[in-house]
Amino acid sequence: MNRELILASESRYKKKILDRLRIPFSITAPTIDETPRSGESARDLSRRLAQQKAETVANRHPNATVISTDQAAEVDGIILGKPGTNQNAFDMLQTLSGKTVSFFTSVGMIQPSASCLIHTEEVIVTLRQLEDQEITRYVKADMPLDCAGSFKVESLGISLFTSVKSKDPTALEGLPLIRLCQWLRDQGLEIP
């Protein structure tokens, strides 16, 4: 693959995940409205936003290969946002204590003159019963204010779980690498 590779995200988490592949890429922010539509499921939201991010950046860089990703979480039919504040993170984790949460992480890839490929991974996370003081310590230690579900699985957040069910462990971190690697190999990129 001889064309520029662009990650349609400014997320440091997603950059760090893609860095694992040791391939050169640049970053461009898609700047789109990420508000869920009325009645939209977390899965549909994740797919729609991943596609919209890829197409937005591809329109600005028509000769590049664009990779996008989006993640949405849902519990009891309610989409979980990013907490933004310590209090919101505490409240969210208190609500999620002892519950099972579905995370939908979609990856998109668009090539010049091609339609956008979209793949969605579901990760099912069960949180253990959390005491208020554990939640307070966790939020202070990990500061998960910009993470859906109010935890960082790649950090101390793993201590909050009783189980994680997934076909691709990188999906919970925010970018499903197993499918992305296959798409990139299909385009002639040697990984590893």
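Give 16/152; 82/152; 99/140; 14/53; 15/167; 14/152 a once-over and call out the pairs whose C-alpha atoms are over 18 Å from each other.
Beyond 18 Å between Cα atoms: 99/140; 15/167.
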TODO: Subtracting the Cα-Cα distance from 0.36 nm times the residue separation, let me have the gained length for residue 23 to residue 114 in nm, one decimal.
DONE: 30.6 nm
- [ ] Give the distance, in whole Å, between the Cα centre of the range 55-69 and the Cα centre of the range 149-192.
- [x] 22 Å
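Report the charge-dipole magnitude of the range 5-186 in Debye, nearest 20, computed about the Cα centre from +1 at each Lys and Arg Cβ and -1 at each Asp and Glu Cβ.
Details: 22 positive and 22 negative charges, 111 e Å.
It comes to approximately 540 debye.
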TODO: With the Cα gyration tensor of the range 5-186 in hand, convert its eigenvalues to equivalent ellipsoid semi-axes via √(5λ) and list them largest first in whole Å.
DONE: 29, 16, 15
- [ ] Tally the DSSP beta bridges in the chain and give the antiparallel ones as a percent, rounded to 5.
- [x] 85 percent
- [ ] Could you tell me which of 102, 176, 81 has its Cα farthest along the dipole of the range 5-186 towards the positive end, charges placed at Cβ (Lys, Arg +1; Asp, Glu -1), taken about the Cα centre?
- [x] 176
Task: Protection proxy ranking, peptides 136-143, 23-30, 46-53, 165-172, average beta carbon neighbours within 10 Å, highest first - done: 46-53, 165-172, 136-143, 23-30
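Computed from the coordinates by the stated procedures, all read-outs in this text should not be read as laboratory data. Remember, it's a predicted structure, so these values are computed and weren't measured experimentally. Cβ: placed from backbone, ideal geometry, glycine included. Neighbour counts: every protein chain shown.
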